[in-house]
Amino acid sequence: MEVGLIVGLVIVGLFLLWLLFYFIPIGLWFNALVSGVHISLLQLILMRWRKVPPQIIVRNLIAAKKAGLNLNRNELEAHYLAGGHLNLVVQALISADKANMNLDFKTATAIDLAGRNVFEAVQMSVNPKVINTPPVAAVAKDGIQLIAKARVTVRTNIKQLVGGAGEETILARVGEGIVTSIGSAVTHKQVLENPDSISRVVLEKGLDSGTAFEILSIDIADIDVGKNIGAQLQMDQANADKNIAQAKAEERRAMAVALEQEMRAKAQDARAKVIEAEAEVPMALAAAFRQGHLGVMDYYRLENIKADTQMRESISKPASGQNK
């Protein structure tokens, strides 16, 4: 019974000791003290209540102190509570100080809270980054397509990192400059002979304005000859003209057919009227006989004239066939 009581007391004592050292981080306070960082034990205890890990604050204060930077504890806590990446900010400040870059704590925290990796930005400012553009196709004035690839060397522009455009904008502007440069060339051979002319034209446009980067150089890595776009366009135009001409010819043919059918209909109408008129001739003759306007001799003369006309037509038909 006494052994169990002793073990229980030991466990309770160890728990209370752990609880004491958790809320009163004496070891962390001593570590800061020997590192030259002056922070009271009470502040370390209050950090626990403010939901700020004392280890993160003290470790970054020590790193900054050893690097020769004087950072404010309250500002570190405020940035941590704002959701910032405190370790990256302190590392960026140390790297910027070693590289003689003008980067203060306020600017670094603003960049971090804007969603950018401030430490990576400082590294890129010291060690420029090379961005490879995708293949950019453009057509020279002679109609030949050229496909170019470029390497863009950029470094971070710290002053415009907050609110500045990213790599996508740089690539889009460089691609636009390549298209403009190739499109203004008289022949594709001129571009192939002097690919550096593209770089000069693109750099003169100031493509890095309003971006988070500064373009150091643009180098044309490769140029390939593509299709003969001019010839293809001429072929397409010729096919289009041919189709238009065929459509117009078909329209004229349809109009001619319709006109022919209309003329045939008119001719048939005329024949019908002639037949109708011829059918009324016997009736008119009979009426003339009844009324006394036509005698028998007149009728015989009319019949003789018709017979004479038919005979002449029959005689003239073989002669017409021989002339043809």
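The values are calculated or read from the model by the stated rules, or taken from the named source; none is laboratory data. Everything numeric here is computed off the predicted structure, so don't read it as measured data. Virtual Cβ from ideal backbone geometry, glycine too; neighbours counted across all protein chains shown. Please note that ligands, DNA and RNA were not included when accessible areas were found on the heavy atoms of the full protein model with its side chains. Shrake-Rupley method; radii C 1.70, N 1.55, O 1.52, S 1.80 Å.
Observations, loosely collected:
- Among (1) touching a residue at least 40 places away in the same chain (Cβ under 8 Å); (2) of a type in the set (Lys, Arg); (3) touching a Gly at 6+ places or on another chain (Cβ under 7 Å) - the single one LYS149 does not satisfy: (3)
- LEU76 falls short on exactly one of the conditions (1) open to solvent by 40 Å² or more (accessible area, probe 1.4 Å); (2) part of a helix (DSSP H, G or I); (3) over 29 Å from GLU176 (Cα atoms), and that condition is (1).
- Looking across the range 145-167, the residues that are touching a Ser or Thr at 6+ places or on another chain (Cβ under 9 Å), open to solvent by less than 50 Å² (accessible area, probe 1.4 Å) and either in a strand (DSSP E or B) or of a type in the set (D, E, K, R) (or both) come down to ALA148, ALA150, VAL152, THR153, VAL154, THR156, ALA165.
- The condition (being open to solvent by less than 70 Å² (accessible area, probe 1.4 Å) and modelled with pLDDT under 85) is satisfied by just one residue among ALA277, ALA256: ALA277.
- The number of residues in the range 27-58 that are part of a helix (DSSP H, G or I) and small (Gly, Ala, Ser) comes to 2.
- Considering residues of the range 126-141 that are part of a loop (DSSP other than H, G, I, E, B) and within 15 Å of GLU167 (Cβ to Cβ) only, the residue most open to solvent (accessible area, probe 1.4 Å): PRO134
- Condition broken by ALA287, with the remaining ones in (1) open to solvent by 100 Å² or more (accessible area, probe 1.4 Å); (2) more than 30 Å from THR153 (Cα to Cα); (3) not acidic (Asp, Glu) satisfied: (1)
- Test: residue in the range 44-57 that is open to solvent by less than 60 Å² (accessible area, probe 1.4 Å), within 52 Å of the chain's Cα centre (by Cα) and over 24 Å from LEU113 (Cβ atoms): yes
- The range 102-125 - residue that is open to solvent by 70 Å² or more (accessible area, probe 1.4 Å) and assigned to a helix (DSSP H, G or I) and, of those, farthest from ALA92 (Cα to Cα): LEU113
- Yes/no for ASP219 being touching a residue at least 24 places away in the same chain (Cβ under 8 Å) and acidic (Asp, Glu): yes
- Output for the range 172-195, where each listed residue is among the acidic types (Asp, Glu) and under 30 Å from VAL122 (Cα atoms): GLU176
- Some residue of the range 200-214 being open to solvent by 60 Å² or more (accessible area, probe 1.4 Å), assigned to a helix (DSSP H, G or I) and within 25 Å of GLN123 (Cα to Cα): yes
- Subset of the range 168-199 [part of a loop (DSSP other than H, G, I, E, B) and surrounded by 17 or more Cβ atoms within 10 Å (Cβ to Cβ)]: ALA185, PRO195
- Any hit, the range 85-99, residues being without any contact (Cβ under 8 Å) to a residue 12 or more places away in the chain, open to solvent by 20 Å² or more (accessible area, probe 1.4 Å), assigned to a helix (DSSP H, G or I) and basic (Lys, Arg): no
- Total residues in the range 223-244, condition under 12 Å from ASP142 (Cα atoms) and open to solvent by less than 50 Å² (accessible area, probe 1.4 Å): 3
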